[in-house]
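Here is the structure we will look at, set down as structure tokens.
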Amino acid sequence: MKRMHDSAYGLVRLSRFPLSLFGVIFGGLLAASGVHMGLILLVEHLTSNGIILVHAVLVYWALVSLSMTLLTRYLMRNTYEKPVQELAAATRKVAEGDFSVYVPPLHTADRLDYLDVMILDFNKMVAELGSIETLKTDFFSNVSHEFKTPLSVIRSSAQMVRDESLTPAQRAEYADTIERYACRLTDLITNILKLNKLEKQSIQPRAEPYDVCAQLAECALLFEQRWEEKGIEFEAELEDQLEICADESLLELVWNNLLSNAIKFTPPGGTVTLRQTSTAEAAEVAVSDTGCGMDEETLRHIFDKFYQGDTSHSTEGNGLGLALVLRIVRMLGGSISVSSAPGAGSTFTVRLPLRPLEDEGGAGDA
């Protein structure tokens, strides 16, 4: 039996008809020919009438032909028509929006053929479509919720401002609330647009050489007022200089998000650490905090859109920052990892190639 190698499913049969089947058919036809000769001898022994002999032979081969036709029909139906019809029915359900469809493969994993592979790929495709549909539903649900909360606060604060009995201080407080939640809405819309452009690759990284150590220092200084207001100790361990070839503006979003989260989740008196090291091939940047930490469930969803593991800080963000970070880091050919435990703080580590991957590929293997 001819087989082709498939990276996902191992060895896969090229034909749905085993060689033994052709052997059976060939043997059956040989046997039919032998019976034909025996039939002629039998009829000639019983009678010398040539017409009877001709009719006997015709009836016999008519029966053999009918048997072969029914066998071929049976094999074609069970080998091709029935599986393809089931796949077509499942495809129709998917086209109508039913992503719970599952078509069982025809053989076990060690006896797969190309039609089994088609069915398995179809099931995988349906599962992916189902997850995308779920993500889309969750996305709209989360967006609606994120818009509804600040809009409700803005509306109620605006109504309170109309109260003529309010003191100037109270009016200023409500005005500050309106401004704060309006800024939150602006940030939410900005982040959604950025994430959408990144995922659609409307934003293409523009790799240029620059000093990432200087960039990290500048980003850290932007948060100086915030860590001083919270009484947080900030520690930085950076090399004097490290030139990388990457998109400077996109990486600025990464560092700002990671530093902002670290300061947000670190309690007063805690410590935030920014550490940068490098090798001959890559730069590594770690942002650590001494905050509440995260459990395993939170770690599994930390990069999901709108996910916020610590709801006590939900008014300070919209759950899109880390999704942006992950998308940017991957787009630049890097990786990001998280280590954390409840009560032990968290460390986000970003690893980036010093040069774009395509440059390395062009300089190396052809």
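The values are calculated or read from the model by the stated rules, or taken from the named source; none is laboratory data. Just so we're clear, the structure is a prediction, and the values are computed from it rather than from any experiment. Every residue, glycine among them, receives a Cβ derived from its backbone with ideal geometry; neighbour counts consider all protein chains shown. Note: accessible area is taken over every heavy atom of the protein model, side chains too, but ligands, DNA and RNA are not part of it. Shrake-Rupley method; radii C 1.70, N 1.55, O 1.52, S 1.80 Å.
Ligands, DNA and RNA excluded, the heavy atoms of residue 218 present near 120 Å² of accessible surface to a 1.4 Å solvent probe.
Model label points for residue 243 and residue 121, set 7 angstrom from Cα along the Cα-to-Cβ axis, are 4.7 nm apart. A full extension of the chain between residue 163 and residue 69 corresponds to an added length of 24.7 nm, given 0.36 nm per residue minus the alpha carbon distance. Sorting 245, 292, 213 by solvent-accessible area of protein heavy atoms yields 292, 245, 213, largest first, with a 1.4 Å probe. With every protein chain left in place, what is the accessible area of residue 111 in Å² (1.4 Å probe, nearest 10)? Per-residue accessible area (residue 111): approximately 110 Å².
What ranking of 114, 181, 102 comes out by heavy-atom accessible area, probe 1.4 Å, highest first? Walk me through the numbers before you get to the answer.
On the way: 114 75, 181 40, 102 145 Å².
The ordering from most to least exposed comes out as 102, 114, 181.
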